[in-house]
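Note sheet for the following structure.
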Amino acid sequence: MAEAPGKYTPTTIEEKWYAHWMENKYFRSVPDDRESYTIVIPPPNVTGVLHMGHMLNNTIQDVLIRRARLQGKNACWVAGTDHASIATEAKVVAKLKSEGIDKNDLTRDEFLAHAWEWTHKHGGIILEQLKKLGASCDWDRTAFTMDEIRYESVIKVFVDLYNKGKIYRGNRMVNWDPEARTTVSDEEVIHIDINAKLYYVKYQVEDSEEFITIATTRPETILGDVAICVNPDDERFAHLKGKNAVVPICNRCIPIIEDGYVDKEFGTGALKITPAHDVNDKEIGERHDLKIIDILNEDGTLNSQGLHYQGEDRFEVRKKIVVELEEKGHLVKVEDYQTSVGTSERTGAVIEPRLSLQWFMSMKEISAPALENVLNENIKFFPKKFVNTYKYWMENVRDWNISRQLHWGHQIPVWYYGDGASDFVVAHNAEEALEKAKIESNDHALTAANLKQDPDVLDTWFSSWLWPLAVFDGIRNPENNPELDYYYPTKVLVTAPEILFFWVARMIIAGYEYKDEKPFDAVYLTGIVRDKQGRKMSKSLGNSPDPIKLINQYGADGVRVGMLLSSPAGNDLLFDEDLCKQGSFFANKIWNAMRLVKGWEVDQKASQPDYAKQAVLWFENKLNVAVAELDDSFEKYRMSEALMTVYRLIWDDFCSWYLEMVKPAFGQKIDPKTQEQTIAIFEELLKLVHPFMPFISEEIWHLIRERDVKETIMFETWPKAGDVDEDVLESFKYLETAVTGIRTIRKEKNISFKDQVELFINPGPNHRTDVDSLIIKLGNISKLTVVDAEVADAFSFAIGSTVGFIPSAGLINVEEEIAKLTKDLDYQKGFLSSVMKKLGNERFVSSAPPAVVEAENKKRTDAEAKIASITEQLSALKK
């Protein structure tokens, strides 16, 4: 058997075993006759790096996968990365800018060459970092949302949905990100509360000395005004019906119209209408057939409609136009105003409502099965509270804007062949497009040069919504696909609640649309990792630790335990680095337990003592209880509770109690049966802790018993919960109480543990004798005697209804102990008196907060209990 090093060195051990696992392809999965257990990784950004959210999410996935292997299932964890259109393009643009290159000076192909170079250079770093965490993915299956299989799958789905009439092109108001210069979906808009200003601006009524005043938070959009609208029931403006007003600065005449949308109580009751820059204004504009004046460029600067502000940023223009309005006498007043603005999740830029010709996907009909199968629990959510959130979103789902004004991504498979925007074909590739265009145009002289592909790309989520199917090539090859049939549906999706709609809902939609089956049985929603002050971790706050540094400092197992110690499903994790330290301590505790067991010398002729028999019997029952609790926690995806069950079983029950029960006295040897049973118990514990701490469990697995290096713990059998003898567990509770009482007296009376003491037991109804041998060993008892009365000159302690007595003769100086207790008694009586004075003061009791009064009552109860205990001890000493 290999010699165990004195100190546990995580880095060396982790590198050794991960290399061994990879070399022997232990993570590899191929279909066979076993039950499959599949998880697909939420693909991180291809050029991203590991952060604390990834650590939590992937630790949970690895725990589930490793347990499934131990259960004998064919565990397959599919890894991969997402091309992340907006994020990756932004990084490439920034990199080019640092080199003095403007994206707009490059052709699409030139830019994509830079993007692919960036991806090949930085892509995959995060997957290598996950390996340091111990992630046991089938790395041979690593997918990328823009590799050949996934690219062709996305294009096929677009063409199919277009042919089904579910994808269409429309000029709609969209969320425009001026920084990324692309649209973003409603779900990618983060609304934040701000302190803004409400500007009251007066417009002169045409051919009149009268003015009409409006209130706006965006005075720069005045230059795009096409009407002023009032409520038809507002008598204040009845006389203005049919008249025009003059827009300040640009002096454009616009009609004063009436519409029931206007709230008479808001602002002045008159609303400026700017259809190009407000969703509600656009709807009013359509009802009244108003023209549209767009004053903004793609980057948020004003265009030629902005007159002398052309080329200036929208927020700079806001400042300047307010000054101009005031100088020209149009600014009535300015008020502070609390409002909410939409910002881009990716860039943080303030979103601009913008009319744009985009591609959309109809969502109402296609979403129905996805809603039904969550509500009927065919797909289970953990925690269940998120079902209502999901239900609300799905019942109010809007059409999905799937086009993005970027280069990096899946280019929309639409080719234009005529002069108008309506002359286009949808095809899988350019060759097919040309043939279709010839037929559509009835012009067989068309060549590839006559076709121009749509320059936009598809929303990133339009590829990742196919992920559970596409990783098994289930879109391109839905039939006669053994891997798809074997691995799909997957077992569980582990992800964050904030992408419940971006990704989870859409994957469910895709599953029913393209396989008529759910993509996963369950969805486990993690919380957000926050610092111990409750703040979301971010680079700007500087409160997000580097996961790799944490792993280097505390070991991967330590960090994994630290992440899970306080991570209840769906609730935020308040991360404290001390949790990783605690995980590291736990690893050392297990290591030292192994060294203790391996350090025992065996007397092959020795028979097993009764105390060891009782200890083994107790722990086997305790193990059965723990395994049942573990299985229940895993079934309910209570990962933190599962870890704590293993933690307590090893730290408290095994290390603190069992090993103390069976270990031989100093200089003595252990019997072979107890040693073998202890190693067998240790092996069961290693199996239970392996999903949480894969490295140290593998290392000890090979140290605790002679094994070939290829006999990995990974494919051992998960322990099964056997029958539990409650009477044995009750005996241990009796033992624990007795030993704790003996140790308390030793501590309080300064009686060395090396000195044996005599113990008398006055039995009550709960008295047990089956654990006497353990009481004698753990309490270092010279003699245990059962008596039927109290013992004089002895320290007493309760074991439920049974009372134990340790004679004081020869152990302590009685006079000194009486003096010490008398002094303590006087102090407690004085303390109680001061508390009673407070509680006897009616004014204090009636005016003090309830919690304060409750605290004083607790002080009284505690003091009274201490006085009773000291009085009893003094009485025993004076007998």
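The values are calculated or read from the model by the stated rules, or taken from the named source; none is laboratory data. Here the structure is a predicted model, which means the values were calculated and not measured. Note that each Cβ is placed from the backbone with ideal geometry, even for glycine, and that neighbours are counted across all protein chains shown. These area figures cover heavy atoms from the full protein model, side chains too; ligands, DNA and RNA do not enter into them. Shrake-Rupley method; radii C 1.70, N 1.55, O 1.52, S 1.80 Å.
For the reader, a short list of remarks on this structure follows.
- Start at zero, step by 10 Å, and the Cα-Cα distances of the stretch 363-407 spread as 24, 45, 22, 10, 0 percent across the bins.
- Computed magnitude of the charge dipole of the stretch 245-288 (debye, nearest 20; Cβ of K, R +1, Cβ of D, E -1): 220 debye
- Shown in residue order for the stretch 248-253 are the 3J(HN,Hα) couplings computed by the Karplus curve 6.51 cos²θ - 1.76 cosθ + 1.60 at θ = phi - 60°: x, 6, 8, 6, 8, 7 Hz (x for Gly and Pro).
- Each semi-axis of the equivalent ellipsoid for the stretch 1-118 is √(5λ) with λ an eigenvalue of the Cα gyration tensor; in descending order they amount to 40, 21, 13 Å.
- For the pair Glu372 and Asp263, label points projected 7 Å from Cα toward Cβ lie 3.9 nm apart.
- Nonlocal amide H pairs with Thr142, under 5 Å, H built at 1.01 Å: Ala79
- The alpha carbon convex hull volume per residue for the stretch 706-808 rounds to 157 Å³.
- At 0.692 mPa s and 37 °C, Stokes diffusion of the stretch 306-373 via Kirkwood alpha-carbon radius, µm² per second: 195 µm²/s
- Set of lysines with alpha-carbon distance to Lys385 below 27 Å, sequence-local pairs under 8 removed: Lys364, Lys491, Lys518, Lys532, Lys536, Lys636
- Bridgeable lysines around Lys820 (alpha carbons under 18 Å apart, same-chain partners fewer than 8 residues away excluded): Lys747, Lys749, Lys829, Lys866, Lys878, Lys879.
- Label zone at Gln668 (point 7 Å along Cα-to-Cβ), backbone N below 19 Å, the stretch 775-815: 775-785
- Dimensions of the stretch 124-273 from C-alpha coordinates, computed as largest minus smallest value along each principal axis and given longest first, are 78, 41, 29 Å.
- Modelled FRET efficiency - R0 25 Å, His191 with Lys320, Cβ distances, 0.05 increments: 0.40
- Descending principal axes extents, the stretch 747-879, alpha-carbon based, whole Å: 58, 34, 27
- Backbone amide hydrogens, once placed in the peptide plane, bring Thr343 within less than 5 Å of Ile190, His191, Ile192, Ile351, excluding anything fewer than 5 places away on its chain.
- Amide H partners (placed H, <5 Å) of Asn571, local residues excluded: Gly527
- Note on the stretch 5-54: Cα-only Rg and Dmax are 16.1, 44 Å.
- Derived scalar couplings ³J(HN,Hα) [the stretch 479-495; Karplus, 6.51 cos²θ - 1.76 cosθ + 1.60; whole Hz; x for Gly, Pro]: 9, 6, 10, x, 5, 4, 5, 7, 8, 10, x, 6, 7, 8, 10, 10, 7
- Sorted largest first, the principal axis extents computed over the alpha-carbon atoms of the stretch 493-633 equal 69, 45, 22 Å.
- Cβ-defined net charge surrounding Arg218, 12 Å radius [Lys, Arg +1; Asp, Glu -1]: -1
- Each eigenvalue of the Cα gyration tensor of the stretch 610-697, multiplied by 5 and square-rooted, gives one semi-axis; in descending order these are 27, 13, 10 Å.
- Calculated over the stretch 214-347: convex hull of Cα atoms, volume per residue (Å³): 130 Å³
- Here the Kirkwood formula, the inverse mean of 1/r across different C-alpha pairs, assigns the stretch 639-794 a hydrodynamic radius of 18.5 Å.
- Here, the chain is characterised by an Rg to Rh ratio of 1.10, where Rg is the alpha-carbon radius of gyration and Rh the Kirkwood radius.
- Remark: the stretch 597-613, residue by residue, has Karplus-estimated 3J(HN,Hα) of 5, 5, x, 6, 8, 10, 9, 4, 8, 6, 8, 6, x, 4, 4, 6, 4 Hz, where x stands for each Gly or Pro and the curve is 6.51 cos²θ - 1.76 cosθ + 1.60 at θ = phi - 60°.
- Using a cut-off of 26 Å between Cα atoms, the listed pairs Lys16/Lys589; Lys605/Lys710; Lys16/Lys663 include Lys605/Lys710; Lys16/Lys663 as exceeding that distance.
- For the chain, share of DSSP beta bridges that run antiparallel, in % to the nearest 5: 70 percent
- Out of every Cα-Cα pair that the stretch 392-433 contains, those further apart than 14 angstrom amount to 65 percent.
- Carbon plus sulfur fraction of accessible area for the stretch 760-802, probe 1.4 Å, in percent: 52 percent
- Per residue, the chain exposes 45 Å² of accessible surface when a 1.4 Å probe is rolled over the protein heavy atoms with every protein chain present.
- Members of Lys515/Lys687; Lys581/Lys669; Lys91/Lys436; Lys73/Lys166; Lys197/Lys291; Lys121/Lys391 lying beyond 31 Å, as alpha-carbon distances in this model show: Lys515/Lys687; Lys581/Lys669; Lys91/Lys436; Lys73/Lys166; Lys121/Lys391
- In this simple spin-label approximation, Val341 and Lys636 carry label points 7 Å from Cα along the Cα→Cβ vector, and these lie 4.6 nm apart.
- FRET E, pair Asp147, Thr785, Förster distance 51 Å, beta-carbon r, rounded to 0.05: 0.05
- Solvent-accessible surface (1.4 angstrom probe) belonging to Glu684, in square angstrom, nearest 10: 50 Å²
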